[in-house]
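Structure record follows, encoded as structure tokens.
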Amino acid sequence: MTDGVMKRVDLVGLHVEAMSGTPLVILREQEAPHRVLPIFIGGAEATSIGIGLSGHPPPRPLSHDLMAALVEALHARVDAVHVTGLREGAFLAELAVTGPDGPRRLDARPSDGVALAVRVGAPLYASADVLDEAGSVLPDRPDEEAIERAVAEFRGHLERLDAETLSAALEEPEHPEPGSTPEQEPPSDPDDDPPREGPSS
């Protein structure tokens, strides 16, 4: 569930970080228009958001077009998209949806939420805590250089988070099971599946 104060934000547009070529969306706080929230996203999501903003539907529906059609077919509506938190460098979001059975909150990636919002006209919100932690202040008339500075500031914030997470992990004591020692642990099976990466935002 969404906790804390939520601030209305507008989608300023898509941007590509010059150094890495990584796409991101820029959200601007309505009450404080000089403060923006950059969110790194995937290339496919950036393309989908761009198509949604263009107002020209593709020849065949994309995933987010299908999501919007399903919402309508099920007699539901997307009331809002909330950016609710920032955990280990990944933004968290929720969809506020109302259907025949009443309102629901659905966990989502911010990129998917934005892509759906531009198709159904749903408002965007961001947690005040997230804006305080990851937002950047732009000048009255931001140019490409100002946006790059905001992105670089946020990139530095993510790097600090990664360093703090690693430091905490190194300081955390290990807790082996009773009766086991490192020598008693069985060797790993080479046929075991490798660890999978978590979902990106």
Single unsatisfied condition, Ala93 versus (1) farther than 22 Å from Ala128 by Cβ; (2) surrounded by 13 or more Cβ atoms within 10 Å (Cβ to Cβ); (3) of a type outside the set (Val, Ile, Thr): (1)
Qualifying positions in the stretch 62-91 - farther than 23 Å from Ile51 by Cα and under 15 Å from the mean Cα position of the chain (by Cα): Thr84, Gly85, Leu86, Arg87, Glu88, Gly89, Ala90
Check on Pro103, outside any strand (DSSP E or B), over 16 Å from the mean Cα position of the chain (by Cα) and not hydroxyl-bearing (Ser, Thr, Tyr): no
Hits in the stretch 1-34 (condition: polar (S, T, N, Q), free of Cβ contacts under 8 Å to residues at least 24 places away in the same chain and closer than 16 Å to Leu124 by Cα): Gln30
Matching residues in the stretch 45-72 - criterion: being part of a helix (DSSP H, G or I) and loosely packed, with under 14 Cβ neighbours inside 10 Å: Ser54, Ser63, Leu66, Ala69, Leu70, Glu72
Leading residue by the ranking (farthest from Val36 (Cα to Cα)) among those in the stretch 97-116 that are aliphatic (A, V, I, L, M) and in contact (Cβ under 8 Å) with a residue 40 or more places away in the chain: Leu116
Boolean, His82 is modelled with pLDDT of 95 or more and either among the small types (Gly, Ala, Ser) or surrounded by 14 or more Cβ atoms within 10 Å (Cβ to Cβ) (or both): yes
Failed criterion for Thr22 (all others in (1) at pLDDT 90 or above; (2) more than 15 Å from Ala115 (Cβ to Cβ); (3) surrounded by 14 or more Cβ atoms within 10 Å (Cβ to Cβ) hold): (1)
Subset of the stretch 73-96 (residues that are part of a strand (DSSP E or B), among the acidic types (Asp, Glu) and farther than 14 Å from Ser127 by Cα): Asp79
Filter result for the condition that a residue is within 19 Å of Pro33 (Cα to Cα), among the small types (Gly, Ala, Ser) and at pLDDT 95 or above, over Ala93, Ala146, Ala128: Ala128
Odd one out for Leu37, checked against (1) in contact (Cβ under 8 Å) with a residue 60 or more places away in the chain; (2) among the aliphatic types (A, V, I, L, M); (3) out of contact with any Phe, Trp or Tyr (no Cβ under 6 Å at 6 or more places or on another chain); (4) within 16 Å of Ala117 (Cα to Cα): (4)
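The values are calculated or read from the model by the stated rules, or taken from the named source; none is laboratory data. Bear in mind that the values here come from a model prediction, so they are computed numbers and not experimental data. So basically every Cβ, Gly included, is an ideal-geometry build from the backbone, and we count neighbours across all protein chains shown.
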